[in-house]
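Notes follow once the structure below has been shown.
The values are calculated or read from the model by the stated rules, or taken from the named source; none is laboratory data. The shown structure was predicted, so the numbers you read here are calculated from the model rather than taken from an experiment. Backbone-built Cβ (ideal geometry, glycine too); neighbour counts: all protein chains shown. The area values use the complete protein model at the heavy-atom level, side chains included, leaving out ligands, DNA and RNA. Shrake-Rupley method; radii C 1.70, N 1.55, O 1.52, S 1.80 Å.
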Amino acid sequence: MTWLKEVIGTEKAIIAMCHLQPLPGDPSYDYKKGMDYVIEEARKDLKALQDGGVDAVMFSNEFSLPYLTEVKTETVSAMARVIGELMNDIRIPYGVNVLWDAKRSLDLAAATGAQFVREIFTGVYASDFGLWDTNVGETIRHQYHLHAQDVKLLFNILPEAAKYVADRDIKDIAKSTVFNNRPDALCVSGLTAGEQTDSQILKKVKETVPDCVILANTGVRIENLEQQLAIADGAVVGTAFKYDGKFENRVDQKRVEEFMNRVKAFREIAIQA
């Protein structure tokens with residue numbers, strides 16, 4: 001049994017993304033509609049995800065494009081306000097992801113009581129956002145400084161829109177990341193949000209570090225969920241839950257229900273096997 005059962009309540013867990021609308025300071029922020037609009041849109045998506053039956057939810061500033069690797073204070077403050085306003089509505093385990101700043105994600109988790117964080121904790125990358133460096137030792141020490149050591153850390157080892165500066169095999173990355181950093185999970189991604197995670201890469205990672213939780217981080221859809229969950233221990237799902245399966249749209253509860261019904265059927269078969 002993995003920590004997913006203890007923290008989220010099930011193996012083969014589905015962590016749904018609650019993508020926040022652009023926030024103050026973001027290029028696309030609608031200052032006329034203001035924060036009340038951001039909060040209410042998040043509330044609608046949260047309700048659709050929870051009523052649709054997902055296992056957990058992760059709040060992220062997905063529409064803060066283009067992303068920063070050192071996030072501004074106003075972004076974290078706005079995200080904290082949104083989650084605070086929604087606190088009485090949240091009925092399932094939840095996590096946070098401040099794109100793309102590991103320390104600020106931990107700050108937000110500590111402030112809001114989030115149980116897990118997904119981030120880029122390790123590696124040096126050539127990315128759409130420039131040369132992207134990390135300092136995992138400093139980040140983990142920051143976690144302990146915040147007394148947030150119980151927050152589960154989901155390491156994204158194949159960042160979207162980025163590639164390792166060094167030519168490293170994915171098996172080597174997985175093995176050394178687990179040995180050096182003791183992550184709670186490794187997230188394996190496609191190129192962008194909504195792009196399917198390569199099943200062969202998922203398989204290589206799981207076979208290399210079988211005792212670590214492995215999550216398919218992008219592109220899990222109703223058409224491929226059995227294939228992906230047969231390998232991965234769970235999945236992070238965002239785009240597949242949107243109207244017409246489009247990244248920019250709101251959450252469609254019907255799509256969530258259909259997806260989760262298929263997941264539950266898969267789990268029953270897996271248990272019987």
note = Exception for D244 within (1) part of a helix (DSSP H, G or I); (2) open to solvent by less than 40 Å² (accessible area, probe 1.4 Å); (3) free of Cβ contacts under 8 Å to residues at least 40 places away in the same chain falls at (2)
query = Just a yes or no: is a residue in region 81-90 part of a helix (DSSP H, G or I), surrounded by fewer than 17 Cβ atoms within 10 Å (Cβ to Cβ) and of a type in the set (A, V, I, L, M, F, W, C)?
reply = yes
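Being out of contact with any helix residue (DSSP H, G or I) (no Cβ under 7 Å at 6 or more places or on another chain) and of a type in the set (G, A, S) is the filter here, so list the residues in region 96-111 that pass it.
So the first thing to find is which residues in region 96-111 are out of contact with any helix residue (DSSP H, G or I) (no Cβ under 7 Å at 6 or more places or on another chain), and the list is 99-101, 105, 109-110.
Of everything in region 96-111, those that are out of contact with any helix residue (DSSP H, G or I) (no Cβ under 7 Å at 6 or more places or on another chain) and of a type in the set (G, A, S) turn out to be S105, A109, A110.
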key: Top-ranked residue in region 191-218 [being in contact with a Ser or Thr (Cβ under 8 Å, 6 or more places away or on another chain) and open to solvent by less than 10 Å² (accessible area, probe 1.4 Å); ranked as modelled with the lowest pLDDT]   = T197
remark   = Exactly one of V178, V165 is in contact with a Cys (Cβ under 8 Å, 6 or more places away or on another chain) and open to solvent by 30 Å² or more (accessible area, probe 1.4 Å), and that residue is V178
note = Only unsatisfied item for T69, checking (1) surrounded by fewer than 21 Cβ atoms within 10 Å (Cβ to Cβ); (2) of a type in the set (V, I, T); (3) touching a helix residue (DSSP H, G or I) at 6+ places or on another chain (Cβ under 6 Å); (4) under 28 Å from Y37 (Cα atoms), is (3)
remark   = Considering region 219-232, residues that are small (G, A, S) and at pLDDT 95 or above, and then whichever is most open to solvent (accessible area, probe 1.4 Å), we arrive at A230
